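What follows is a set of notes on a single structure, which appears directly below.
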Amino acid sequence: MATLDWSQCPAVESVPDRRSGAWVFRGTRMPVATVFENLEAGSSIEEIIEQFHVTREQIQAVLEFAARSLDVPPVPAGAATSTDAHAL
């Protein structure tokens, strides 16, 4: 799986002197990875909001950005779409 280019997500920032440059929610010290780790562990979004003092909008922006990265890029017009390596 490709690495996300978090620099394209306006809800986050990476500051070298803050959390060793980890991607954090803009204006906070809360690492973006913490949201995914807590969701994976079974926490709800409400629990994450309460525990880490981030907003629903911040979490939603990060989740939407990650989800959009999973979209299959469109195939350019005229591009070959066959995956069969055998000639006809």
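Computed from the coordinates by the stated procedures, all read-outs in this text should not be read as laboratory data. Predicted model only: the values in this text are computed from it and were never measured. Virtual Cβ from ideal backbone geometry, glycine too; neighbours counted across all protein chains shown.
Give the residue list of trypsin sites (Lys or Arg not before Pro) in the range 2-40 that are DSSP loop and have at most 11 other beta-carbon atoms within 10 angstrom.
For trypsin sites (Lys or Arg not before Pro) across the range 2-40 that sit outside H, G, I, E and B with at most 11 neighbouring Cβ atoms in 10 Å, the list reads Arg29.
Taking the Cα-to-Cβ direction at Arg56 and at Thr28 and moving 7 Å from each Cα, how far apart do the two end points lie in nm?
1.5
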